[in-house]
Amino acid sequence: MKIIWLGHGSFRIEISDQVLLIDPWLNGNPMMEGQDSDAAIAGATQILVTHGHFDHTTDVVEVSKSTGAPVSAMYELANTLFGMGAVEGAGLNKGGTLDFGEVSASMVPASHSSSMAVDGAPVYMGMEAGFVIRGEGHTIYHSGDTAIMADMDWIGDYYKPDIGILSAGGHFTMDMAQAAYAARRYFDFTTVIPCHYRTFPLLEQSAETLVAGLPGVDVIEPQVMTPITL
C-alpha cells in the first residue's frame, strides 16, 4: 500500500486493486505548486469526498471527468457534484459502506461543517464525514476535517484502525495536541499521518507536538507526492 499526500487534506491511496483519491485539491493548493498534478491523479479508480468546502471540492468534478473515476460523498454533496458533471459513484450517509473490488470504504461521522458555493452563494451540502478504508489487511481511518468528538470512541472500538490520517492543523480542525489526545484516548494506531496543516500560515507548521504526544506510535510527517509505503 502507498499513501501519498497531495497537500492539505488531499490524498492518493494505492491499495490492493484500487487507486483512491480523497478530496483531491490541485488548483490553488499551495502545497501542490510545482508538483506533477497529472501524476497525482493518474489511474484513479474512485474519488471520495469528505465535505463541501472549496479546499476539498474545487477540482473534484474536473478530476472525475479527466480520469473517469466515480465520485462518492454525502448524499446531498454527491448529487450536487453529479449535477455538475462528475462521474456518478454513490451518494451515501454515515454508516454506509461501499465496496470497490478488494477494498471497502465506510462513511463515519466528523464534527465540522459542509457547504459549497453554487452560483456564487453558499449552499448546505449535508453533513461532514470521514472514511474508514479497508484493504491489504489494513484499516485506515481518514478523519476528514474534524474536532475531537465522542464518536471516535465507537469508531476506534468497532473498526479498530491501525492507520490514522488525522486533520491536525488547528483553527478549522483539531490541532496537533488535540489529535494526539484523540489518538491516545480512542484508538490503537500503529501509524499516524497528520494532514490539513502547513498549507497556510494560519495552520500549524510542524507535527512535533503530535510526535511527542504519541510515544510508541510511528508518526510520519508526510511530504507532498512522496509515497509512504506500508
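With respect to ALA147, determine if the residue is in contact with a helix residue (DSSP H, G or I) (Cβ under 6 Å, 6 or more places away or on another chain), among the aliphatic types (A, V, I, L, M) and over 19 Å from VAL49 (Cβ atoms).
no
Just give me the residues in the range 136-156 being farther than 13 Å from ASP188 by Cβ and not charged (D, E, K, R), in sequence order.
Listed by number, the residues that qualify are GLY137, HIS138, ILE140, HIS142, SER143, GLY144, THR146, ALA147, ILE148, MET149, ALA150, TRP154.
How many residues are touching a Lys or Arg at 6+ places or on another chain (Cβ under 8 Å) and of a type in the set (Phe, Trp, Tyr) if we restrict to the range 194-208?
0
Pick out the one residue from ASP218, ASP175 that is of a type in the set (Asp, Glu), open to solvent by 40 Å² or more (accessible area, probe 1.4 Å) and within 18 Å of SER10 (Cα to Cα).
ASP175
Among the numbered conditions (1) closer than 25 Å to LEU202 by Cβ; (2) open to solvent by 30 Å² or more (accessible area, probe 1.4 Å); (3) not β-branched (Val, Ile, Thr), tell me where GLY164 comes up short.
Only one criterion in (1) closer than 25 Å to LEU202 by Cβ; (2) open to solvent by 30 Å² or more (accessible area, probe 1.4 Å); (3) not β-branched (Val, Ile, Thr) is unmet by GLY164, namely (2).
Of (1) buried (at least 18 other Cβ atoms within 10 Å of the Cβ); (2) hydrophobic (A, V, I, L, M, F, W, C); (3) modelled with pLDDT under 95, ALA117 satisfies all except one. Which?
For ALA117, the failing item is (1).
Looking at this structure, is SER72 without any contact (Cβ under 8 Å) to a residue 40 or more places away in the chain and either part of a loop (DSSP other than H, G, I, E, B) or open to solvent by 10 Å² or more (accessible area, probe 1.4 Å) (or both)?
For SER72, the condition - without any contact (Cβ under 8 Å) to a residue 40 or more places away in the chain and either part of a loop (DSSP other than H, G, I, E, B) or open to solvent by 10 Å² or more (accessible area, probe 1.4 Å) (or both) - is not met.
Give the residues of the range 38-60 that are open to solvent by 40 Å² or more (accessible area, probe 1.4 Å) and either over 24 Å from TYR197 (Cα atoms) or outside any loop (DSSP other than H, G, I, E, B) (or both), sorted by residue number.
Result: ASP38, ALA39, ALA42, GLY43, THR45, PHE54.
Return yes or no: is VAL63 farther than 21 Å from ALA121 by Cα and buried (at least 19 other Cβ atoms within 10 Å of the Cβ)?
Taking the combined requirement at face value, the residue satisfies it.
Could you pull out every one of the strands (runs of 3 or more DSSP E) wholly within the range 98-167 that has 3 or more residues that are of a type outside the set (Gly, Ala, Ser)?
103-109, 121-124, 129-135, 138-142, 163-167
The values are calculated or read from the model by the stated rules, or taken from the named source; none is laboratory data. Worth saying up front: this structure is predicted, and the values here are computed from it rather than measured. Cβ coordinates were reconstructed from backbone atoms using ideal geometry, including for glycine residues, and neighbour counts include every protein chain displayed. Just the protein is used for accessible areas: all its heavy atoms, side chains included, with ligands, DNA and RNA removed. Shrake-Rupley method; radii C 1.70, N 1.55, O 1.52, S 1.80 Å.
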